[in-house]
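The values are calculated or read from the model by the stated rules, or taken from the named source; none is laboratory data. In this text, all values refer to a predicted model and were calculated from it rather than measured experimentally. Note: ideal-geometry Cβ built from the backbone for every residue, glycine included; neighbour counts use all protein chains shown.
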């Protein structure tokens, strides 16, 4: 693990692959950390310079108060990380919260990106605000462990939960260990602003990947809607929920490899 001071915070990150290769940056979901992309770090590093990092307030990155955990600040963090490590223009891949960052970078910092990939994400404001607000409040008051079954339903598909897959087991244990302060990050996720209007003018190639069993942002929110807003492409992965990049590792890696090759020519 390495760390770097950028944009007024300290971000933890892992890096692998040739320094002079095209860079791919992976940005994780709420309730997860950069280990969400360990498979992809290993899979892509023979050909690409791969960086995975923890958002401020999560994983091994520095903590931050509620008002510094909004999606705009996290996007500025990502841009500063790309600039400091001289990764641009890079492919930027984000799952859920990481996808919010990917889409904002595509709209606001196209100079830093070759492409943006949003997995199980949304370009819109939160469509389940009334449903998620009580969950966030309970996480702050009681802790995530008290809500583990709800969090698993949100973060994983029916197939992963029923089959108790390795990913489902791994991240269930992780979420059981999260502090109550994760509710601050969750609050900013569900109170984010829409990026639809900003995406209309982006020239960055955007790929939206959805999980067919996503309970948080089901298609078309996580697929067609993003593609329509950005002029990009979309596809859906079967037997996967909100954490498609962890639930269907090989399938997602294949889609990413095809996408990178398509963009890079």
Flagged in the range 89-131 as surrounded by fewer than 19 Cβ atoms within 10 Å (Cβ to Cβ) and farther than 18 Å from residue 216 by Cα, in numbering order, are 89, 108, 110, 111, 114
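Each row is one residue, and each column tells you yes or no for (1) loosely packed, with under 15 Cβ neighbours inside 10 Å; (2) farther than 24 Å from residue 39 by Cα; (3) within 20 Å of the chain's Cα centre (by Cα); (4) at pLDDT 95 or above.
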| position | (1), (2), (3), (4) |
| --- | --- |
| 133 | no, yes, no, yes |
| 136 | no, yes, yes, yes |
| 157 | no, no, yes, yes |
| 216 | no, no, yes, yes |
Check your understanding: Could we say that residue 185 is in a helix (DSSP H, G or I), touching a residue at least 24 places away in the same chain (Cβ under 8 Å) and either over 30 Å from residue 89 (Cα atoms) or touching a helix residue (DSSP H, G or I) at 6+ places or on another chain (Cβ under 8 Å) (or both) here?
Key -> yes
### Message
Take the conditions over 20 Å from residue 35 (Cα atoms) and without any contact (Cβ under 8 Å) to a residue 40 or more places away in the chain and apply them to residue 199. Does it pass?
### Response
no
* **Test result for residue 252, touching a residue at least 40 places away in the same chain (Cβ under 8 Å), under 22 Å from residue 104 (Cβ atoms), surrounded by fewer than 18 Cβ atoms within 10 Å (Cβ to Cβ) and touching a strand residue (DSSP E or B) at 6+ places or on another chain (Cβ under 9 Å)** => no
Within the range 1-31, the count of residues that are in contact with a strand residue (DSSP E or B) (Cβ under 9 Å, 6 or more places away or on another chain), at pLDDT 95 or above, farther than 22 Å from residue 251 by Cα and not in a strand (DSSP E or B) comes to 4
Expected single match for closer than 15 Å to residue 28 by Cα and out of contact with any helix residue (DSSP H, G or I) (no Cβ under 9 Å at 6 or more places or on another chain) among 81, 74, 103 is 81
Only unsatisfied item for residue 234, checking (1) crowded, with 19+ Cβ neighbours inside 10 Å; (2) in a loop (DSSP other than H, G, I, E, B); (3) touching a strand residue (DSSP E or B) at 6+ places or on another chain (Cβ under 7 Å); (4) without any contact (Cβ under 8 Å) to a residue 60 or more places away in the chain, is (2)
